[in-house]
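Trainee: Sharing a structure here in structure tokens format.
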Amino acid sequence: MAEKLRVLMVTSEAVPFAKTGGLADVTGTLPRALTELGVEVKVLMPYYGAVKQGQIATSPVAENLESPLPYPYNLTFDLIGAGSPDYPFYFVARDEFFERSQLYGTPKGDYFDNLERFAFFSAAVLPVCQALEFHPQVIHCHDWQSALAAVYLRNRWPGEEAVSRAKSLLTIHNLAYQGLFPKDKYPLLGLDWSLFCIEGLEYYDQINLLKGGIICADAINTVSHTYSQEIQTPEFGYGLDGVLRTRAGSVFGILNGVDYTEWSPQNDPHIPARFSPRNLKGKAADKAALMEAFGLDQSRREAPILAMISRLADQKGFDLVAQVLPKLMTRDLMVVILGTGEEKYHRWLQKEAPKYPGKLGVKIAFNNQLAHLMEAGADMFLMPSRYEPCGLNQIYSMKYGTIPIGRATGGLKDTITPVDPKTGKGTGFLFEDYAADAFLKAIHSALAAFEDKKLWQKIMKNAMAQDFSWKTSAKAYLELYHKLGSA
Ligand code: ADP
């Protein structure tokens, strides 16, 4: 039998263990799809408080592994294991780094020692491979938090048996988050100062971990084709478009897949009533439950609900939402928003909600169960993002017949087919310019389509028939892994 391809997935979050956004959905579900394609995958992530106190049993695998980093004192860590034997998860346990209430910081700001935390985590790759006697052919890193693993592989670990056959792939889920730190922390990384340069980790006299990864990884990909092109332009490049252009031949786009065992109205355990394209009855029950959860006025049941589930961050277009909200609220509709993030948005939403009782529902929380109910019970889903590397919610929404209204950027553009009201073709509503009037126009088109019940049902069925499961995307990753292996 041919030898299996061995992949170590290095990630700072993964469902079902710890999640702040789409990264966790991807790294928690791609491993299963790869396993089904015959790949041997192990996942490595930090042992957060949320994992330690979570529902899933974990057990010790190894103790006192030595970090190869040059701290002023010798730091060790324990290795913990969990998950399916087919694609096991391993956790780097060092409580003063990872046993915290959040993953990266609080609404007031990032944790002060994120460089130390994620350098420690990335450097753990080598001792973990040694301890597990697992010699990966691909080390698959994600975002700035594990980008250093690609830097270490290239610069610190040549000659290390455990990783001698490994090539690195860096997946960028969001270019705006780069892992920027003051230069005086550089010695903590255990890298030669010669790498603190314009062709290395230096970025305007600061350390930029993602840039290091972009330069050192054998290949780079983003989570949609359009975003892989956009990030090579100044508008979307967040200062790294030039660096990315130097690697243009090694930058790929692979659309995220989704896990329909978790996100489908036909088998969703989190919603009160299940439904399918052939029998949509349950959706009305879910809508009633959603209205109750947000304290909406039950007499408005015939009016559409527009939902938003999001990190409360500038990226997600909340300034456009703020601009269109007063006009929207003059129409016969309801809006529900679930999110956590920047404090300025917490304050704004808490101020808006009481102005529109029974019509605008707001919850400042991270609540997976409620997210499922919103996908199921709402009629439309708003994603007016400034940029959107892939976006998962529009993909989930479509499966639930909740029609997305999104900006034509990144993954939104790649996954939503604009509705043509004449033919009834299409799965959602897109707008081009990042402007309130363009957003409002798209919402008005959706509201007009909603009035025509026959047309709306057709659009719902088109959307529900879309298939963005991992089948295609996992194959694309496998091809890329093979390409790396033969390079
Ligand atoms: P991003 O990764 O940029 O935050 P994505 O659309 O790719 O955006 O993925 C967001 C994921 O996080 C989705 O699974 C979404 O349901 C979930 N999510 C975001 N905010 C919340 C929240 N407040 N409560 C529950 N789930 C949330």
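Each reported figure results from applying straightforward, stated rules to the coordinates on display, with no laboratory input. Nothing here was measured: the structure is a model prediction, and the numbers come from that model. Here Cβ is always computed from backbone atoms with ideal geometry, including for glycine, and neighbour counts include all displayed protein chains.
Trainee: Which residues, counting only those in region 319-339, are closer than 24 Å to residue 109 by Cα, away from the ligand (no atom under 12 Å from the Cβ) and β-branched (Val, Ile, Thr)?
Mentor: Of everything in region 319-339, just one residue is closer than 24 Å to residue 109 by Cα, away from the ligand (no atom under 12 Å from the Cβ) and β-branched (Val, Ile, Thr), namely 321.
Trainee: Can you tell me which residues in region 403-431 are more than 16 Å from the chain's Cα centre (by Cα) and within 12 Å of the ligand (Cβ to nearest atom)?
Mentor: Residues satisfying the conditions are 404, 406.
Trainee: Can residue 182 be described as in contact with a strand residue (DSSP E or B) (Cβ under 8 Å, 6 or more places away or on another chain), more than 15 Å from residue 146 (Cβ to Cβ) and surrounded by fewer than 14 Cβ atoms within 10 Å (Cβ to Cβ)?
Mentor: Details: in contact with a strand residue (DSSP E or B) (Cβ under 8 Å, 6 or more places away or on another chain): yes; more than 15 Å from residue 146 (Cβ to Cβ): yes; surrounded by fewer than 14 Cβ atoms within 10 Å (Cβ to Cβ): yes.
Judged against the criteria, residue 182 is a match.
Yes or no, residue by residue, for (1) touching a strand residue (DSSP E or B) at 6+ places or on another chain (Cβ under 7 Å); (2) within 21 Å of residue 471 (Cα to Cα); (3) surrounded by fewer than 23 Cβ atoms within 10 Å (Cβ to Cβ):
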| site | (1), (2), (3) |
| --- | --- |
| 161 | no, no, yes |
| 176 | no, no, yes |
| 191 | no, no, yes |
| 195 | no, no, yes |
| 200 | no, no, yes |
| 211 | yes, no, no |
| 265 | no, yes, no |
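Trainee: Let me ask you something else. How many residues does region 464-481 contain that are outside any helix (DSSP H, G or I) and out of contact with any Asp or Glu (no Cβ under 9 Å at 6 or more places or on another chain)? Can you show your working first?
Mentor: From region 464-481, those outside any helix (DSSP H, G or I) are 465-469; that's our starting set.
Still in the running and out of contact with any Asp or Glu (no Cβ under 9 Å at 6 or more places or on another chain): 465-468.
Adding up the residues that qualify gives 4.
Trainee: Turning to a different aspect of this structure: Taking residue 76, is it farther than 18 Å from residue 43 by Cβ and without any contact (Cβ under 8 Å) to a residue 40 or more places away in the chain?
Mentor: Criteria met by residue 76.
Trainee: Continuing with the same structure: For region 220-243, does any single residue satisfy the condition of being more than 20 Å from residue 387 (Cα to Cα), in contact (Cβ under 8 Å) with a residue 60 or more places away in the chain and assigned to a strand (DSSP E or B)?
Mentor: Step one: filter region 220-243 for residues more than 20 Å from residue 387 (Cα to Cα), giving none.
No - not one qualifying residue is present in region 220-243.
Trainee: Quickly run through region 319-337 and pick out the residues that are surrounded by 18 or more Cβ atoms within 10 Å (Cβ to Cβ) and either of a type in the set (Gly, Ala, Ser) or in contact with a Gly (Cβ under 9 Å, 6 or more places away or on another chain) (or both).
Mentor: Residues satisfying the conditions are 334, 335, 336, 337.
Trainee: Okay, moving on. Looking at residue 388 and the list (1) of a type in the set (D, E, K, R); (2) surrounded by fewer than 24 Cβ atoms within 10 Å (Cβ to Cβ); (3) within 12 Å of the ligand (Cβ to nearest atom), which single condition is not satisfied?
Mentor: (2)
Trainee: Can you list the strands (runs of 3 or more DSSP E) lying wholly within region 97-182 that have 3 or more residues being within 25 Å of the chain's Cα centre (by Cα)? Working first, answer last.
Mentor: Working: elements: 138-142, 167-172, 180-182.
Those strands (runs of 3 or more DSSP E) span 138-142, 167-172.
Trainee: Kindly indicate whether any position in region 304-318 is within 16 Å of the ligand (Cβ to nearest atom), outside any helix (DSSP H, G or I), crowded, with 17+ Cβ neighbours inside 10 Å and of a type in the set (Phe, Trp, Tyr).
Mentor: no
To keep it simple, each residue is scored yes or no on (1) over 19 Å from residue 225 (Cβ atoms); (2) of a type in the set (Val, Ile, Thr); (3) outside any loop (DSSP other than H, G, I, E, B).
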| position | (1), (2), (3) |
| --- | --- |
| 388 | no, no, no |
| 414 | no, no, yes |
| 430 | no, no, yes |
| 462 | yes, no, yes |
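Trainee: Can you pull out every residue in region 1-47 that is in a loop (DSSP other than H, G, I, E, B) and either within 12 Å of the chain's Cα centre (by Cα) or crowded, with 23+ Cβ neighbours inside 10 Å (or both)?
Mentor: The initial filter retains those residues of region 1-47 that are in a loop (DSSP other than H, G, I, E, B), namely 1-5, 11-13, 15-17, 19-21, 37-39, 47.
Passing the criteria: 11, 12, 13, 15, 17, 19, 20, 21, 47.
Trainee: In region 340-356, is there at least one residue being within 28 Å of residue 32 (Cβ to Cβ) and within 11 Å of the ligand (Cβ to nearest atom)?
Mentor: Going through region 340-356, the residues within 28 Å of residue 32 (Cβ to Cβ) turn out to be 340.
Right, trim to within 11 Å of the ligand (Cβ to nearest atom) and you get 340.
There is at least one residue in region 340-356 that is within 28 Å of residue 32 (Cβ to Cβ) and within 11 Å of the ligand (Cβ to nearest atom).
Trainee: Could you check region 249-280 and list, in sequence order, the residues that are under 18 Å from the mean Cα position of the chain (by Cα), of a type outside the set (Gly, Ala, Ser) and not in a loop (DSSP other than H, G, I, E, B)?
Mentor: 252, 258
Trainee: Then there is this: Restricting attention to region 361-375, does a residue exist that is free of Cβ contacts under 8 Å to residues at least 24 places away in the same chain and surrounded by 18 or more Cβ atoms within 10 Å (Cβ to Cβ)?
Mentor: Within region 361-375, none of the residues are free of Cβ contacts under 8 Å to residues at least 24 places away in the same chain and surrounded by 18 or more Cβ atoms within 10 Å (Cβ to Cβ).
Trainee: Identify, from the list 205, 192, 184, the residue that is out of contact with any helix residue (DSSP H, G or I) (no Cβ under 9 Å at 6 or more places or on another chain) and more than 16 Å from the ligand (Cβ to nearest atom).
Mentor: Working: 205 fails: out of contact with any helix residue (DSSP H, G or I) (no Cβ under 9 Å at 6 or more places or on another chain); 192 fails: out of contact with any helix residue (DSSP H, G or I) (no Cβ under 9 Å at 6 or more places or on another chain).
Exactly one residue qualifies, and that residue is 184.
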